């Protein structure tokens with residue numbers, strides 16, 4: 001998950017002067033923000049500060065973040081013609097600033113901890129491109145998917161090519177692991193996942209095969225499609241808090257690693273309840289190699305830094 | 001699910017003159033809207049037109065519907081004092097208009113189809129009372145739940161008493177089945193469900209025991225807590241489209257009936273894809289008694305009435 005954010009005073013201070021997109025697009029600022037949590041929290045890896053939606057603009061879909069409402073795509077995709085117009089661009093040019101951030105972060109980190117890069121998966125990116133922002137029903141996304149599968153697959157083909165190249169470029173620039181975020185794919189059942197999401201996600205993981213960096217495949221609300229996500233690819237499969245970690249690992253298979261799965265709202269709880277819940281996750285992992293302790297989704301703005309610090313320390317000290 | 005709504009021209013026509021709350025609070029209008037789908041669609045039951053949130057106002061939490069944004073509670077609950085102030089009211093007085101609607105609908109229906117009443121479950125109602133409207137993270141709800149369990153249980157106790165009485169009053173007024181909507185409870189994992197939601201939901205189902213009407217227990221995103229929801233109560237357990245119907249029924253147990261589980265966005269698909277998906281649901285039910293065909297969540301405003309009509313006809317004609 002994104003480590004930096006509004007729960008940190010130093011991030012809020014920077015956000016008073018710069019927008020989220022300005023930070024993402026200015027390597028010096030993105031480096032500063034990437035390193036903020038590393039200085040404060042005992043984490044085992046740094047996570048590139050960036051945004052899932054960055055590839056949309058060079059494809060021809062400019063967007064911005066509206067205060068309190070999240071992302072807003074200026075002209076969301078409505079039909080086949082809109083999809084045909086989208087460019088498959090070269091991320092080493094249009095997103096060169098992200099790659100520069102990676103190089104600078106690696107220099108700053110000097111191998112103290114590895115750096116994780118990321119991108120959005122085709123289903124999740126397509127949903128933003130079609131809905132224009134967050135959605136609770138994904139009605140427009142599924143309408144296009146069901147009523148014009150050809151157009152849907154054309155859109156996801158383009159997204160998959162761009163995302164695969166972007167992740168390859170991130171690896172060339174120095175990230176030591178990559179995470180593919182299919183944050184909203186849990187709104188699909190397994191049949192629809194297989195038909196509409198899996199081919200495109202698989203293409204991305206296939207493209208990363210043999211590049212020597214571990215790959216993480218993340219989603220939320222995915223209890224019913226964990227096996228399908230594993231089949232689509234990724235060395236590590238993420239699971240959110242809705243499913244007990246051992247049950248999720250059973251479904252994914254013990255030959256894969258698992259990431260998860262503390263409910264981020266537990267970081268708003270009294271310290272002892274949070275630590276007990278973390279122990280429960282760790283106990284279900286059973287001390288097996290291949291468990292990456294993490295939150296089941298992003299950290300909430302109202303979280304206290306002290307809770308995050310205590311959680312990281314606690315996980316490091318845990319013994320079965 | 002609610003049958004009437006913006007997908008019907010006759011409902012939209014009425015909404016040009018009256019707000020959603022005006023319709024809910026005026027028996028003649030609520031009767032008209034309850035009967036609109038019965039005249040157009042071959043359904044096996046009528047569903048009372050009402051709103052989950054109606055009990056909040058007489059408890060001391062006035063709310064309204066903001067165009068395009070859903071419900072908005074004027075002064076959301078923030079602390080223990082706010083909860084202590086809430087009234088446990090007599091629904092036969094404060095919600096007499098709903099009971100009058102029920103009596104009038106029963107007269108109009110003259111036993112052609114049965115009438116289903118409903119109410120919100122404590123977790124879902126509490127989340128509206130605390131968040132003030134829809135939420136994507138339920139951060140404030142869980143914050144109160146984790147940090148002040150005593151206050152949480154006090155709130156849910158009050159809600160459970162009110163909802164149990166309200167459903168009993170609906171049964172006295174003539175509804176022939178009741179549905180308890182815990183629409184958002186799928187954001188809890190099974191441990192949290194057992195601790196924070198189940199005792200209150202169980203209390204409601206216990207209160208309805210022996211009253212001679214079937215009870216339906218509904219939620220979305222509940223793949224991991226279907227067994228817990230069954231333990232909390234209900235003759236019929238609802239399942240959304242994220243889990244295949246046969247797998248859901250396995251988890252619920254064959255001694256219970258099941259309701260579900262077509263994705264409502266499939267009603268936006270071309271006719272043939274919608275019917276094929278309905279066949280898949282019916283095939284997984286395997287022709288067993290105890291399956292109520294339904295959508296996995298509410299019907300979307302952009303749905304065409306022709307699709308709903310064709311779906312109802314198709315389900316009635318289905319033979320394994």
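Before we move on, is residue A:22 in a helix (DSSP H, G or I), touching a helix residue (DSSP H, G or I) at 6+ places or on another chain (Cβ under 8 Å) and without any contact (Cβ under 8 Å) to a residue 12 or more places away in the chain? Reasoning before the result, please.
Numbers: in a helix (DSSP H, G or I): yes; touching a helix residue (DSSP H, G or I) at 6+ places or on another chain (Cβ under 8 Å): yes; without any contact (Cβ under 8 Å) to a residue 12 or more places away in the chain: yes.
Considered against the rule, which asks whether it is in a helix (DSSP H, G or I), touching a helix residue (DSSP H, G or I) at 6+ places or on another chain (Cβ under 8 Å) and without any contact (Cβ under 8 Å) to a residue 12 or more places away in the chain, residue A:22 comes out as yes.
Hey, among the residues in region A:224-235 that are away from every other protein chain (no Cβ under 14 Å) and in a helix (DSSP H, G or I), which one's surrounded by the fewest Cβ atoms within 10 Å (Cβ to Cβ)? Step through it out loud before you land on a result.
Quick first cut of region A:224-235, residues away from every other protein chain (no Cβ under 14 Å) only: A:230-235.
Adding the requirement that they be in a helix (DSSP H, G or I) leaves A:230-232.
On the way: A:230: 17, A:231: 15, A:232: 26.
Ranking the qualifying residues of region A:224-235, first place goes to A:231.
Give the number of residues within region A:38-53 that are free of Cβ contacts under 8 Å to residues at least 60 places away in the same chain and out of contact with any helix residue (DSSP H, G or I) (no Cβ under 6 Å at 6 or more places or on another chain). Give the steps one after another, and end with the answer.
From region A:38-53, those free of Cβ contacts under 8 Å to residues at least 60 places away in the same chain are A:39, A:49, A:51; that's our starting set.
Checking which are out of contact with any helix residue (DSSP H, G or I) (no Cβ under 6 Å at 6 or more places or on another chain) leaves us with A:39.
Adding up the residues that qualify gives 1.
Could you tell me how many of the residues in region B:89-119 are closer than 24 Å to residue B:193 by Cα and touching a helix residue (DSSP H, G or I) at 6+ places or on another chain (Cβ under 7 Å)?
Taking region B:89-119 and keeping what is closer than 24 Å to residue B:193 by Cα, we get B:118-119.
From what is left, the residues that are touching a helix residue (DSSP H, G or I) at 6+ places or on another chain (Cβ under 7 Å) are B:119.
Residues that pass the stated criteria total 1.
When you look at residue B:6, is it surrounded by fewer than 19 Cβ atoms within 10 Å (Cβ to Cβ) and touching a helix residue (DSSP H, G or I) at 6+ places or on another chain (Cβ under 7 Å), yes or no? Talk me through it step by step, then tell me what you get.
Working: surrounded by fewer than 19 Cβ atoms within 10 Å (Cβ to Cβ): yes; touching a helix residue (DSSP H, G or I) at 6+ places or on another chain (Cβ under 7 Å): yes.
So residue B:6 passes the test.
Against the definition (within 22 Å of residue A:218 (Cβ to Cβ), buried (at least 16 other Cβ atoms within 10 Å of the Cβ) and more than 18 Å from the chain's Cα centre (by Cα)), how does residue A:49 come out, yes or no?
It is false that residue A:49 is within 22 Å of residue A:218 (Cβ to Cβ), buried (at least 16 other Cβ atoms within 10 Å of the Cβ) and more than 18 Å from the chain's Cα centre (by Cα).
For residue B:221, work out the one condition from (1) more than 30 Å from residue A:266 (Cα to Cα); (2) under 19 Å from the mean Cα position of the chain (by Cα) it doesn't fulfil.
(1)
What number of residues in region B:59-83 are under 15 Å from residue B:150 (Cβ atoms) and assigned to a loop (DSSP other than H, G, I, E, B)?
Within region B:59-83, the first condition is being under 15 Å from residue B:150 (Cβ atoms), and the residues that meet it are B:77, B:79-83.
Okay, now just the ones that are also assigned to a loop (DSSP other than H, G, I, E, B), so B:77, B:79.
Total satisfying the criteria: 2.
Where in region B:84-202 are there helices (runs of 4 or more DSSP H), lying wholly inside it, with at least 2 residues that are within 14 Å of another protein chain (Cβ to nearest Cβ), touching a residue at least 40 places away in the same chain (Cβ under 8 Å) and at positive phi?
Working: elements: B:91-94, B:96-109, B:122-131, B:139-147, B:149-173.
Once the helices (runs of 4 or more DSSP H) in region B:84-202 are filtered for at least 2 residues that are within 14 Å of another protein chain (Cβ to nearest Cβ), touching a residue at least 40 places away in the same chain (Cβ under 8 Å) and at positive phi, nothing remains.
When the residues of region A:203-223 are filtered to those that are in contact with a helix residue (DSSP H, G or I) (Cβ under 6 Å, 6 or more places away or on another chain) and either in a loop (DSSP other than H, G, I, E, B) or modelled with pLDDT under 95 (or both), which remaining residue is farthest from residue B:247 (Cα to Cα)?
Once the filter is applied, the top-ranked residue is A:211.
For residue A:261, state whether it is touching a helix residue (DSSP H, G or I) at 6+ places or on another chain (Cβ under 8 Å) and either assigned by TED's automatic domain parsing to the domain that holds residue A:57 or buried (at least 24 other Cβ atoms within 10 Å of the Cβ) (or both). Talk me through it step by step, then tell me what you get.
Working: touching a helix residue (DSSP H, G or I) at 6+ places or on another chain (Cβ under 8 Å): yes; either assigned by TED's automatic domain parsing to the domain that holds residue A:57 or buried (at least 24 other Cβ atoms within 10 Å of the Cβ) (or both): yes.
When the stated conditions are applied, residue A:261 passes them.
The values are calculated or read from the model by the stated rules, or taken from the named source; none is laboratory data. The model shown is predicted, which means the values in this text are computed figures rather than measured ones. Because the Cβ atoms are built from the backbone with ideal geometry, glycine has one as well, and the counts that use them run over all protein chains shown.
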